[in-house]
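Structure in structure tokens, see below.
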Amino acid sequence: MNIAEEVRRYVDSHPFIEEGLCDGIINYLGLARKMQPAIEAQCQAQVKPGAIVMALKRLSPSYYYQVSAGIKNFLARLGQFTVRYDIQNYTYKNSSSLISYQPKIFKEVAKQPGLYYSFSQGLNESTIVCSNKLHNQIAKLFSGEQLLNHKSDLAALTIMLPQDNTEISGIYYFIFKELAWQNINVIEVISTTNEITLVVDEKNLEESFRLVRKLKGN
């Protein structure tokens, strides 16, 4: 039985707890009591909360703690933010005709630079995120397709990322954590190499923007 190892394994599997410990905002005794049943099950013996508290306090800085400063520095270098209102989201079952219609949509979008359109193809379904103004064209063009889901009254927040974003782990965790703690649901995520777009309900856009700006530090 090694209480310290089991405590470390538990904390490693719960990143929110680990971050709270690093920031000093978690009550050790309360956490120990919550962890006690799981630690006892792994150790196959009774373990007192005090022993768990001692193990928690002796934890050396983990990989998460060591890289958190680097991630925060990265977030401070986030680039331009772009906000779009009047966004809709469609999900269709994949078909050959669904793919073949895409050039027609892109041609229409090219005529109006202010329009937003994104097409993401998965194994079994595809998602379209676009401006409200394209609704009639999409409804008509894809009338023969199987519509799996449709959401309106959405907004999109696009964040430009530093070019070294693919070399740093944990970036998206920090962003989604801030939104999750405020009970903001991210409906879709659209990403390219150096930018990420978060699609949320319009009512949550201002708060989402504020939280991401806070991560950047201004």
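Hey, got the dipole for the chain? About the Cα centre, +1 on K and R Cβ, -1 on D and E Cβ, debye to the nearest 20?
220 debye
Kirkwood Rh over alpha-carbon pairs of the stretch 136-201, then Stokes-Einstein at 4 °C and 1.567 mPa s: what D in µm² s⁻¹, rounded to an integer?
This corresponds to a translational diffusion coefficient of 91 µm²/s.
Also, I was wondering about something else. For Gln112 and Lys151, what is the calculated FRET efficiency with R₀ set at 30 Å and r taken between the beta-carbons, to the nearest 0.05?
So, using R0 = 30 Å, E works out to roughly 0.85.
May I pose another question? What distance in nm separates the two pseudo spin-label positions at Glu125 and Lys57, each 7 Å out from Cα along the beta-carbon direction?
In this crude label model, Glu125 to Lys57 measures out at 5.1 nm.
So, in nm, how far is label Asn183 from label Glu206 when the simple model puts each one 7 Å beyond its Cα toward the Cβ?
The answer from the label model is 1.8 nm.
Under a Cβ-only charge scheme (Lys and Arg +1, Asp and Glu -1), can you give me the dipole magnitude of the stretch 3-60 about the Cα centre, in debye to the nearest 20?
That gives a dipole near 240 debye.
Still on this model: Quickly work out the Lys140-to-Gln163 label distance, labels modelled 7 Å from Cα along the C-beta direction, and quote it in nm with one decimal.
If labels sit at Gln163 and Lys140, their model points lie 4.4 nm apart.
Compare Ser100, Ser120, Ser208 in a GNM of the chain, Cα atoms joined below 10 Å, and give the one with the largest fluctuation.
Looking only at Ser100, Ser120, Ser208, the largest GNM fluctuation is found for Ser100.
Select from Asp12, Asp86, Asp201 the residue whose mean-square fluctuation is largest in a Gaussian network model of the chain (Cα-Cα springs shorter than 10 Å).
Asp12
Let me ask you something else. Sorted from fewest to most neighbouring beta carbons within 10 Å, what does the list Ile175, Ile196 look like?
The fewest-first ordering by Cβ neighbours comes to Ile196, Ile175.
Pick out, in residue order, every one of the trypsin sites (Lys or Arg not before Pro) in the stretch 101-161 that is DSSP loop and has at most 10 other C-beta atoms within 10 Å; say none if there are none.
Nothing satisfies the criteria.
Going by average Cβ neighbours within 10 Å, how do the peptides 184-195, 153-164 rank, with the highest at the top?
153-164, 184-195
Considering the Cα trace of the chain, what is its radius of gyration and what is Dmax, both in angstroms?
22.7, 70
What's the ranking of 34-41, 121-128 by average number of surrounding C-beta atoms within 10 Å, highest first?
Order by mean packing, descending: 34-41, 121-128.
Could I ask something else about it? Structure shown: which of Lys151/Lys214; Lys107/Lys177; Lys104/Lys151; Lys93/Lys216 lie over 32 Å apart, alpha-carbon to alpha-carbon?
Lys107/Lys177; Lys93/Lys216
For the chain, what does -39500 (n - 2.57) per DSSP helix run (n ≥ 4), summed and divided by total residues, give at 222 nm, in deg cm²/dmol to the nearest 500?
-14000 deg cm²/dmol
Readers should treat all values here as calculations from the given coordinates under stated rules, not as data from a laboratory. Note that this is a predicted model, so its numbers are computed, not measured. For neighbour counting, all protein chains shown are included, and Cβ atoms are generated from backbone atoms with ideal geometry for every residue, glycine included.
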